Each structure stands twice: as C-alpha cells, then as structure tokens.
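Here's the structure, in structure tokens; my notes come after.
The values are calculated or read from the model by the stated rules, or taken from the named source; none is laboratory data. These figures come from a predicted structure and were not determined experimentally. Ideal geometry is used to build each Cβ from the backbone, glycine not excepted, and the neighbour counts take in all protein chains shown. The accessibility values were calculated without ligands, DNA or RNA, using every heavy atom of the protein model including side chains. Shrake-Rupley method; radii C 1.70, N 1.55, O 1.52, S 1.80 Å.
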Amino acid sequence: MPRWHGYWGPETVDVETFVAQCYETCCQAQGCAKVLTRRSIGRTGYWRSRAAPPLLVYSIHMDTEVAAGPDDESEPPNPPRHYSTGRLTAAQARVLNRWRRQLTTTDPRWRTRGQRPPASSSDCLAAAVIDLLDHAEPDHLELIRYAARIRESMTATRGRDLPAVSVVSFYLPGDYADRLDTRLTAAQEHHHDLLAGARDRVLTELPGATNTAQALRMMSVVTELGVPPKVYKLPAGTIARLAIDRWARRSPTTVVAAAVGYARHHHEQAHRARSDMGIADT
C-alpha cells in the first residue's frame, strides 16, 4: 500500500489513515478541506508522496483551493527553480529588513485578511532579480568583478556577527532561471578565457624568463584586466545580491507593489501564512 512521508518528520502513515485523521481532527472542524494533487502537495510543502498514488487528500490550514484537473499529475516542462542569496552583507540585510517591515504594514488596497500585501520577502527578491535580467542584465566582467568585491567584503567581516537576515531563498520561473544560469556560466567561462589569454601573453613576452619573472608579469597583466587571478564558481546569489543593491534606493512601498505583481502573475495559488506576509482572499 502506498505510504506518505511527513514533511516535518520521519513518520509514515497509510494514505487512507492520513486522510481520515486529517479530515476528522482538522479540516472538518475548521472547514478548510481542500483537494490537492501530488504536484500541488509537493509545491506547497505540506506532504510529499513517495509512491505518488492518484488519490485526493486534504491539506492543512490552506486558504485557497486548488482544483484537481486532468493534467495535475504531470510537472510543467520547465518548473520554477529554487535559489539562495548566500550570505548577505550587513547593508544588504538592512535593505531586506526594510522590505520585510513593509510587508507587515496594513493597507486597505490589499484586499486580504489583515490588509497585508499578498506577497513575501522571497517575492520581493524574485521581482528584483527579474527586473535586473529584463532591464539591466549584467555583462560578464560586471559579474566577475562584483563577485570578487563580495568575496573581499565577506573576508573582511569574517568572524563578526551575522546580520539578522543573512540568507534569503527565492524561486524563479523556469525561463528566467535558464537565463540566470546561462549568464553565470558564461561569465565564469569568460573569466577562464581571460586568464588563459593572459598566460599566453606572458609566455609570448617572456619566453625564456624564470618562473618568478613570469609569475610577476602574470600578476601585472591580471591586475590590468581587473579580474581575480583565480576562476571562482559564480553562484546564483551573485545576481540576487546585485539585484538587491540595484533596488536598495527604491521605496519599500514600490518594492512590495512589484512583489505583489510578481506573485499574482507567477503563483498558481496564494502562499501559506507567514509572519511577514498576507494571504490573498479568493
């Protein structure tokens, strides 16, 4: 018999047992029984199916209904992908904190319970990244040099207290995720090509010189190029942190409005309740 694996624990229960217990102890009492499929369960993060049985189950404390359809069992060809900023600088953390505070501010224009915006801090970050890719996509050298400055900043502050918001995760739609991954990979390859060209230049200029002389000349050429002497992997957080810096001067109200627009366009259902976000009424 198929069994379900609890998202918050290692326990497994029979599907029929879980459905009956959930309905009797929670959903029936609160009137929040919603039909979910395997795909929506995986997306919301409540329960995941190991065997993926074609059964209907009930979610816990969801505010929007997901209707089962004939195609719900199949994943989209290019689903959203999860990313993380990596450790933020103190200045970037302060920017995120301003966005989060705005997300808790009530406003009658948000027709939600509590009149809070139907978006999260992750939506703010995703909106900033998408805006960067659409209107100010960084070139290879900009990404290489920006990543180097971030590494230097992290090295300089190593051992100190981390900011209150040190890491933020977010999702990007599949097409934007492809663009982000492609841009980072191309920048890393460009960095490799620059260093290879620098080595060829040194060997051409100093063919019979000692290793020390060639190394000193190599350092000089790399400095002229303005890139690190070693190729580093460029994580997605490079573009995410660049997007935060680009939106740092925007008012939190404008950022949250953009996040709501992003969530409305890209989310198939409202987020779960969190302390820094509103839940859309449908």
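Only one of 195, 203 is among the hydrophobic types (A, V, I, L, M, F, W, C), in contact (Cβ under 8 Å) with a residue 24 or more places away in the chain and in a helix (DSSP H, G or I). Can you tell me which?
Within the list 195, 203, the selection yields 195.
What pairs come out if I take residues in the range 111-129 that are under 22 Å from residue 81 (Cβ atoms) and pair them with residues that are acidic (Asp, Glu) whose C-beta lies under 6 Å away, six or more apart or interchain?
Partner pairs satisfying both residue conditions: 121/276.
Consider residue 241 carefully, then state whether it is under 17 Å from residue 138 (Cβ atoms), outside any loop (DSSP other than H, G, I, E, B), open to solvent by 40 Å² or more (accessible area, probe 1.4 Å) and in contact (Cβ under 8 Å) with a residue 12 or more places away in the chain.
No.
Quick check: is even one residue across the range 254-261 modelled with pLDDT under 95, open to solvent by 10 Å² or more (accessible area, probe 1.4 Å), on the phi < 0 side of the Ramachandran plot and within 14 Å of the chain's Cα centre (by Cα)?
Looking for residues that are modelled with pLDDT under 95, open to solvent by 10 Å² or more (accessible area, probe 1.4 Å), on the phi < 0 side of the Ramachandran plot and within 14 Å of the chain's Cα centre (by Cα), one finds none in the range 254-261, hence no.
Could you say which residue among 274, 250 is open to solvent by 60 Å² or more (accessible area, probe 1.4 Å), under 29 Å from residue 90 (Cα atoms) and modelled with pLDDT of 95 or more?
Of the residues listed, the single one that is open to solvent by 60 Å² or more (accessible area, probe 1.4 Å), under 29 Å from residue 90 (Cα atoms) and modelled with pLDDT of 95 or more is 250.
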